[in-house]
Amino acid sequence: MYCLIQNLDTTGSRAPIYGMTIRARAGGHRHPMRVVTRRTGLSADLLRAWERRYEVVKPSRSEGGRRLYSDADIERLRLLYRATLAGRSIGQVAELSTEALTALVRHDAEADAEAELGNQGAPGSELMTSPQAARYLTDCMRCVERLDAPGLDATLRRAAVALPAAWLLDGVVVPLLERLGTRWREGTLRPVHGHLASAVLRRLLERVIESASSPLATANLVVATPVGQVHEFGALVVAATAAAEGWRVTYLGTDLPAEDIAEAAVRTRARAAALSVVFPAGDAALEDDLRRLRTVLPKDVTLVVGGAAASASSGVLNEIGAAQLDDLEAFRAQLRTLRRTRTARALTPGARRAPSPPDAQRRA
Ligand code: B12
C-alpha cells in the first residue's frame, strides 16, 4: 500500500511526505483549523503564513472552501513547530521530510536534556528527565492543591506542546500521579484532589493516545486491564507511550474479560496486547483469565504485562510466554523490537502474512 502511494506521487525529494499525506486524506480523519491550532500550539495566523510562504502542508478544502487537515499534516506541523521552538527558522526546516523532522526534534530534546543536566542536574533527580518538565510538574501540583482544574488542564496542554511525548509522560504525568498517590496516602491531599486531577489527566492521556496514534502506523496494539483490575492509569500511560512510539493504539479500558481483549486484538489486527495489573496481586481469578487470554489470543499476538501486580504472577506469565515488563523504558524497547521483527518478517521472501481476523479466530 505504501509503495503504491509512493509511486502515485511524483513530487521528487518530498515524495514520501506527500505520499503519506495522500494516504491519510484518502482514508483518515480531516480536521478544521481550530483543531490543528489546538493540537499543535500554532496560531492560525502563523499556520496560514507557513502554508503561504513555505507550503509546509497542503490541506484539502471543504465544500465551503475551509481548510481540512489530515492527521499526517498535524503531526508534521507539530514537529515543525517544535523544531522552530528549539531556535531554528521555519525556512531552515520547512523542506525536511517528516522522518527527518522526527529525528531532529528527538535529537534537540536529548541535547537539551544533556545541556540542562550539565548545568544543574544531579543524577536520580527529576532533572534527569528535563528541568522544563520539572517546572511543569511543580505548576501542575500547585493547580491540584488549589483545586484549579482549568489551570491544571492549561498547564498540561502547554507541557504537551513544549515537550516531546516521552518527557511529557515520564517527566510530568507519571511523577504527578505518583505524587498524588503519596500525598493522598499521607493525608495531605483529600480524595477530591485526586478525583479532580484524575479527570484532567485522563483527558490529557486520551488526547495523546488519539493524536499521537498514527493512522499511518503499520503496527497495532490493544491496551486494557484484565478482569478485576480497576486501576486505569498504568494502562492509559502505556497506551500513550505506544502511540508516541508510532503505534496505532486501541485503548479498551478496564476490567475486561479475556475474550473481549482477544476479539479486539483480532479485529484490529494487533501485533501485541499490553495489559496493566495493579491490584489485587497474585489473584487466582486474574491468573486463570491470563491463561485463558493466551489460548484465545492469536499465536502471533505478543502479550505484554506490566504494573505493580505483575511480578506476583510471574510464574503464570512465564508459563504462557507473556513478556513481563517493569517500566516504560523496557516497554519502549520491547515495542521497537516487535516492530523490527515484523518489518524483517515482511521483507523475507515468502514470509507468512499476519493472519486475517477470521483465520485468527478459527485458530483460536
Ligand atoms: C488512583 C488510585 C486508585 C483509584 C483508581 C482510579 C483509576 N481509575 O485508576 C481508586 C480510588 C478507584 C482506587 C481504588 C483502590 N485502590 Co488504589 N490507588 C490509586 C493510587 C493512588 C494511584 C494509582 C495510579 O494511578 N498510579 C499511576 C500509574 C501510572 O502508576 P502504575 O499503575 O504503578 O503504573 C506505572 C508502572 O507500574 C508501569 N505499568 C503499569 N502498568 C503497566 C503495563 C505495562 C505493559 C508496562 C510495560 C508497564 C506498566 O508503568 C506506569 C508508569 O510508571 C495508588 C497509590 C500509588 N501511589 O500508586 C493506589 C493503590 C494502587 N490502591 C491500592 C488499593 C489497596 C486500592 C483499593 C483496594 C482501596 C480500597 N480500600 O477500596 C481499591 C481497589 C479497588 C479494586 N476493586 O481493585 C493500593 C494497592 C496496594 C497493593 N499493591 O497491594 C495502592 C498502592 C495504595 C496503597 N499504597 O495502599 N485506587
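For every other residue with a beta carbon closer than 12 angstrom to the beta carbon of L290, add +1 if it is Lys or Arg and -1 if Asp or Glu, then tell me the sum. Local charge sum for L290: -2.
Taking 0.36 nm per residue of sequence separation and removing the Cα-Cα distance, the E319/E186 pair yields an extension gain of 44.0 nm. With each label modelled as a point 7 angstrom along the Cα→C-beta vector, the K299-A111 pair spans 4.9 nm.
Pull out a ≥ b ≥ c, the square roots of the eigenvalues of the alpha-carbon gyration tensor of the stretch 232-326, then state rounded if a/c is under 1.5, prolate if not and a/b is larger than b/c, and oblate in the remaining case. It is oblate, given that a/c is not under 1.5 and a/b is not larger than b/c. The overall shape of the stretch 147-245 is oblate: from the C-alpha gyration tensor, with semi-axes ordered a ≥ b ≥ c, the ratio a/c is 1.5 or greater and a/b is no larger than b/c. Here r is the Cβ-Cβ distance between S198 and R38 and R0 is 25 Å; the resulting FRET efficiency, rounded to 0.05, is 0.70. Restricting the trypsin sites (Lys or Arg not before Pro) of the stretch 234-314 to loop positions (DSSP other than H, G, I, E, B) with no more than 14 neighbouring Cβ atoms within 10 Å leaves K299.
Only the coordinates and a few stated rules stand behind these numbers; no lab work does. None of these values were measured; they are calculated from a predicted model. Please note: Cβ atoms are built from the backbone with ideal geometry, for glycine as well, and neighbour counts cover all protein chains shown.
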